[in-house]
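Notes follow the structure.
The values are calculated or read from the model by the stated rules, or taken from the named source; none is laboratory data. Keep in mind it's a predicted model, so treat the numbers as computed, not measured. Because the Cβ atoms are built from the backbone with ideal geometry, glycine has one as well, and the counts that use them run over all protein chains shown.
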Amino acid sequence: MEGKSIVSVDQFTPDDLSHIFSVAQEMRQAVNERGSIDLLKGKILANLFYEPSTRTSSSFMAAMQRLGGSVIPITEVKYSSVSKGETLVDTIRTLNSYSDCIALRHPQAGSAALAASISRKPVINAGDGIGEHPTQALLDLFTIVEELGLQSDSFDLRDMNVVLLGDLLYGRTVHSLSKLLSLYGVTVHLVSPKTLRLPQEICDVLTSRGCRLFVHENLEGPLSTCDVLYATRVQKERFDDEKMYESVKDSYVITPETMSRAKKNMVLMHPFPRVNEISFDVDSDPRAAYFRQMENGMYIRMALLAMVMGK
Ligand code: NCD
């Protein structure tokens, strides 16, 4: 992966994923034992975020710093030349002069591919509008493998039922995760309001890979048999019509009562931020994996940064 950009999950094979996951496990061990290492000493990451972020931006920064490198944080683009009308292309070319890698979050789908096509340094897509969020999907799959107690280098997910719940239309995390899951013959249950279904072109990719897909409007059907329940926030910022958002925002709320009807070893995940999708009294349930999931994000991003910067 040296020198390569990470734009879409489509670029990964199951072998690549196993490799990334074993490097992430080594990173976790290194952090637990030593706090930080000097693998990327002297290297600089530009963290260029045109949209709000807490976990993705801070875990990229923490990952780079724990690898001994440093970060140019541009998380408030309004204080940069972007607010003077600078184009993405000029900003990327500028950051190429100062940094060794760029993590980019941008409101437009396709922006990461555009940036990667002109950048002399690796660009890592940290979310491109309603497009993809590949590093999130990697940490999500890594979390699934770990929570289910599987071997990161040889896992079989063929008997698994995964429910993707919430805003499947605008949620870029599910766009990327569903495509990764389809590499493993997982059965995927899509649960959303009618107006927020997974885009047809992504459904087509999944079915063309032999993935069994079921579409639901209620969680009741797949709840008792699912192995992984992946909840998402309704993406308010993507709606033109506030009323439309209001009508769907609280479609699904997971409570202890919901959890009582799920498998004893089910894994409950959420990319966060949560708005109202999971009630706080679910947090103490051992099946609630979302805080471990966000921690895994740092180890996955450490692995990716080390790999694209050639270590
Ligand atoms: C997600 C995102 O930005 O797409 N957040 C994240 O990166 N963890 C999900 C969301 O904003 O709902």
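Looking for whichever is surrounded by fewer than 16 Cβ atoms within 10 Å (Cβ to Cβ), modelled with pLDDT of 95 or more and within 14 Å of the ligand (Cβ to nearest atom) here; the options are PRO273, PRO256, PRO199. Which one fits?
On inspection, the qualifying residue turns out to be PRO273.
Results for (1) surrounded by fewer than 19 Cβ atoms within 10 Å (Cβ to Cβ); (2) out of contact with any helix residue (DSSP H, G or I) (no Cβ under 6 Å at 6 or more places or on another chain); (3) of a type outside the set (Phe, Trp, Tyr), shown as yes or no for each residue.
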site	(1), (2), (3)
LEU213	yes, no, yes
LEU219	no, yes, yes
ARG233	no, yes, yes
MET244	yes, yes, yes
SER260	yes, yes, yes
MET269	no, no, yes
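For the subset of region 50-68 comprising residues that are away from the ligand (no atom under 11 Å from the Cβ) and out of contact with any Asp or Glu (no Cβ under 7 Å at 6 or more places or on another chain), which member is farthest from GLY297 (Cα to Cα)?
The qualifying residue farthest from GLY297 (Cα to Cα) is TYR50.
Is it the case that some residue within region 128-145 is exposed (fewer than 14 other Cβ atoms within 10 Å of the Cβ) and at pLDDT 95 or above?
Looking through region 128-145, none of the residues is exposed (fewer than 14 other Cβ atoms within 10 Å of the Cβ) and at pLDDT 95 or above.
Report whether or not MET294 is within 13 Å of the ligand (Cβ to nearest atom), under 29 Å from LEU17 (Cα atoms) and touching a helix residue (DSSP H, G or I) at 6+ places or on another chain (Cβ under 8 Å).
It is true that MET294 is within 13 Å of the ligand (Cβ to nearest atom), under 29 Å from LEU17 (Cα atoms) and touching a helix residue (DSSP H, G or I) at 6+ places or on another chain (Cβ under 8 Å).
Would you check if there is a residue in region 155-166 being in contact with a helix residue (DSSP H, G or I) (Cβ under 8 Å, 6 or more places away or on another chain), within 14 Å of the ligand (Cβ to nearest atom) and more than 17 Å from ASP16 (Cα to Cα)?
Taking every residue of region 155-166 in turn, at least one turns out to be in contact with a helix residue (DSSP H, G or I) (Cβ under 8 Å, 6 or more places away or on another chain), within 14 Å of the ligand (Cβ to nearest atom) and more than 17 Å from ASP16 (Cα to Cα).
If the Cβ limit is 6 Å and pairs must be 6+ apart or interchain, which residue in region 291-311 that is at pLDDT below 95 pairs with which residue that is aliphatic (A, V, I, L, M) and more than 12 Å from the ligand (Cβ to nearest atom)?
LYS311/LEU39
From the set of residues in region 167-188 that are away from the ligand (no atom under 16 Å from the Cβ) and in a helix (DSSP H, G or I), which is surrounded by the fewest Cβ atoms within 10 Å (Cβ to Cβ)?
Among those that are away from the ligand (no atom under 16 Å from the Cβ) and in a helix (DSSP H, G or I), it is LEU183.
Spot the failing condition for VAL82; the list is (1) assigned to a helix (DSSP H, G or I); (2) closer than 19 Å to MET294 by Cα; (3) modelled with pLDDT under 95, and only one is missed.
Looking at each condition in turn, VAL82 falls short on (2).
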